[in-house]
Amino acid sequence: MMSSRKKPLVVVTRRLPEAIETRMRELFDAELNLDDKPMDAAALMEAVKRADVLVPTITDEIDSSILAQAGAGLRLIANFGNGVDHIDVQAALARGITVTNTPGVLTDDTADMTMALIMAVARRIPEGARLIPEDEWSGWAPTGMLGRRITGKRLGIVGMGRIGQAVARRARAFGLSIHYHNRRRLASEVEESLEATWWDSLDQMLARMDIVSVHCPHTPATYHLLSARRLKLLRPVALVVNTARGEIIDENALARLIESNEIGGAGLDVFEHEPAVNPRLVKLAKAGKVVLLPHMGSATQEGRLDMGEKVIVNIRTFMDGHRPPDRVLPSML
C-alpha cells in the first residue's frame, strides 16, 4: 500500500520539460528540482526517505546504500529513461520497490543520431564545418577534405534490439550491408526484412566490418564488451560508433588504437565516466580523428515529452493498483 497521503509525494531529481512538470503538479504532490542541480548521495538519501515515488534520471546513482535509507512509503522508482544500469534493481525489488523505465520512445531519435555520427566520422563533417568559421578554407581542391564513401560498406551492429533494428533500416537506405551480433538470433522474417546477416561470433564479425555500431545495454556482461583484444580485431579502416553506453567500450584501448592508426576513427555520444571525457579522446577529436557529442542521441523535444508521458502513465497505473506497463523485471537485466 502507498502512504495515506491524498496525492503521492513524487520527488523528481532533475528538470523535466515544462509540460511534464505542470502535469505532474496537477496529478501528484510533485517536488521538482527547479535549479536542475544533480542530487548528490546525501540528497538522494533524503529523497528516498520521504518519497512515495522517485523519478530519477541516468545521472542519479540509486545503489543499495541509497535504497537502504528508503522510507516505508517508497514503493515505485519511475525512471526517466530507458537504461536502468544506474539503479540497483535487484536491491529495489528485494525491498518491495517496483522499478519502471521508458522504453521505445527514443528508438528513432537514437537511430537518427547513430546515422548522423556514421556520416560525421566517415565524411569528416565536424572538421569541414570548422574551416569556414575559423577562416581556414582557401577554396575547393581535388584532394581537399577527403572522407570515405559509406555506400557498399559493411555495418556490424552489436545488439539488435529496437534501436539496432531502426539503425539497420536507415543504413539499408544508405546502401550499407547489414550484419549483426545479438544474444539471440532474430526471427527469420525480421532478418529477411532487414537483409541482415547474423554472426554467432562477435570476434568474427568485428574482424570483417567497415563500421561497428554499439546498441546493447550496459550490464555486467557487456562491460568492456569491446575490449582491447576485440578492438584489435578491427581493420585499420574501421570506424566505431557508440550511442548506447560508454562502459561497453574500453575507451583507453580505443584511443590507443586510433592514435596508432590501427582503427580508422570513432563517433561517440556516450562515455565511460560521464560527464568526464577521456582526455585522449578529446585530443583525437581536436585532431579530427574522433567525433564527440555530449550524450544527445535522444535529445529531441518530442522524445523528452514522450519519456515524461510514460513516467506519468507508469505512476498513475501503479497508484491505481495495477501493474505499470513498463515494469523492469530481473529477466530483462
- Message: Rounded to the nearest percent, how much of the accessible area of segment 122-263 (1.4 Å probe, protein heavy atoms only) is carbon and sulfur?
- Response: 50
- Which option, [x] 19; [y] 31; [z] 23, is the value of percent of Cα pairs over 34 Å apart that was calculated from these coordinates? [y]
- Tell me, what is the FRET efficiency for R323 and A287 to the nearest 0.05, using R0 = 51 angstrom and their Cβ-Cβ distance as r? 0.50
- Item | segment 243-333 - percent relative contact order, Cα under 8 Å, separation 6 or more | 23
- Per residue, what accessible area does the chain have, given a 1.4 Å probe and all protein chains present, in Å²? 49
- Message: Going Cα to Cα from K289, which lysines come in below 30 Å? Please leave out same-chain ones fewer than 8 positions away.
- Response: K153, K232
- Does segment 36-81 come out rounded, prolate or oblate, given a ≥ b ≥ c as the square roots of the eigenvalues of its C-alpha gyration tensor, rounded meaning a/c under 1.5 and, failing that, prolate meaning a/b above b/c? oblate
- Message: Heavy atoms of the protein only, probe of 1.4 Å, neighbouring chains included. What is the accessible area of S188 in Å², nearest 10?
- Response: 70
- Query: If S298, S177 are ordered by their accessible area, calculated over protein heavy atoms with a 1.4 Å probe, which sequence runs from highest to lowest?
  - Reply: S177, S298
- Using the alpha-carbon centroid of each, what span in Å lies between segment 252-286 and segment 18-70? 33
- Please label the shape of segment 119-195 as rounded, prolate or oblate, based on the square roots a ≥ b ≥ c of the eigenvalues of the alpha-carbon gyration tensor (a/c under 1.5 means rounded; beyond that, a/b larger than b/c means prolate, else oblate). prolate
- Share antiparallel - DSSP beta bridges, the chain, percent rounded to 5: 5
- Task: Please arrange E46, E21 by accessible surface area, largest first, computed with a 1.4 Å probe and ligands excluded.
- Result: E46, E21
- Note on the structure: Looks like segment 1-110, by Cα gyration tensor root eigenvalues a ≥ b ≥ c and the a/c under 1.5 rounded cutoff (else prolate when a/b is bigger than b/c, oblate otherwise), is rounded
- Message: Taking the alpha-carbon distance from K6 and a cut-off under 29 Å, which lysines remain once sequence neighbours fewer than 8 residues away in the same chain are dropped?
- Response: K37, K49, K310
- Stretch gain in nm, segment R316-L34, where the contour uses 0.36 nm per residue and the Cα spacing is subtracted: 99.3 nm
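The values are calculated or read from the model by the stated rules, or taken from the named source; none is laboratory data. Here the structure is a predicted model, which means the values were calculated and not measured. So basically every Cβ, Gly included, is an ideal-geometry build from the backbone, and we count neighbours across all protein chains shown. The accessibility values were calculated without ligands, DNA or RNA, using every heavy atom of the protein model including side chains. Shrake-Rupley method; radii C 1.70, N 1.55, O 1.52, S 1.80 Å.
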